[in-house]
Amino acid sequence: MEGAVQTLYVCALEKILEHWSPDQRLCYWEIVEQFERDKSHLMHRLKREDQARLERLTENMEKYMQKEGEALFKEGLSMGLSLGRLPQ
């Protein structure tokens, strides 16, 4: 079952931007670009040991957000399946 849920999750991620308005997509990409610029700027200013710490922090944040997103997706999927079973 986990493989099927993961496949649904990946498909949802791939399609999500298609459902956003042009303004939402623009805002999203602006945030992504600003994050990359800020991170690059910080990396150049930090000492090597602090660069490694920032990189580790960023990687952990990405993992955390991925796990949180997967958990929320599974909860939403579960709710949708439950609602789908209700008599109409």
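The values are calculated or read from the model by the stated rules, or taken from the named source; none is laboratory data. A quick note: this is a predicted structure, and the numbers were derived from the prediction, not measured. All Cβ positions, even for glycine, are placed from backbone atoms using ideal geometry, and neighbour counts span all protein chains on display. We work out accessible area using only protein heavy atoms, side chains counted, and drop any ligands, DNA or RNA first. Shrake-Rupley method; radii C 1.70, N 1.55, O 1.52, S 1.80 Å.
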Leaving out same-chain residues fewer than 8 places away, which lysines sit with a Cα under 26 Å from that of Lys47?
-> Lys39, Lys63
Treat each spin label as a single point 7 Å out from the Cα along the C-beta direction, and report the Leu17 to Glu55 distance in nm.
-> 2.6 nm
Tell me, what is the FRET efficiency for Glu75 and Lys47 to the nearest 0.05, using R0 = 35 angstrom and their Cβ-Cβ distance as r?
-> 0.25
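Within the chain, report the trypsin sites (Lys or Arg not before Pro) that DSSP leaves as loop and that have at most 13 other Cβ atoms within 10 Å.
Lys47, Arg85
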Between Asp38 and Lys63, the two model label points (7 Å from Cα along the beta-carbon direction) sit apart by a distance in nm of 2.3 nm
Applying the Karplus parametrisation 6.51 cos²θ - 1.76 cosθ + 1.60 with θ = phi - 60° to the phi angles of region 3-9, what ³J(HN,Hα) value in whole Hz is obtained for each residue in order, glycine and proline being reported as x?
-> x, 5, 5, 4, 5, 4, 4
Quote the charge dipole size of the chain about the Cα centre in Debye, to the nearest 20; the model charges only the Cβ of Lys and Arg (+1) and of Asp and Glu (-1).
-> 200 debye
In square angstrom, what is the accessible area per residue of the chain with a 1.4 angstrom probe?
-> 88 Å²
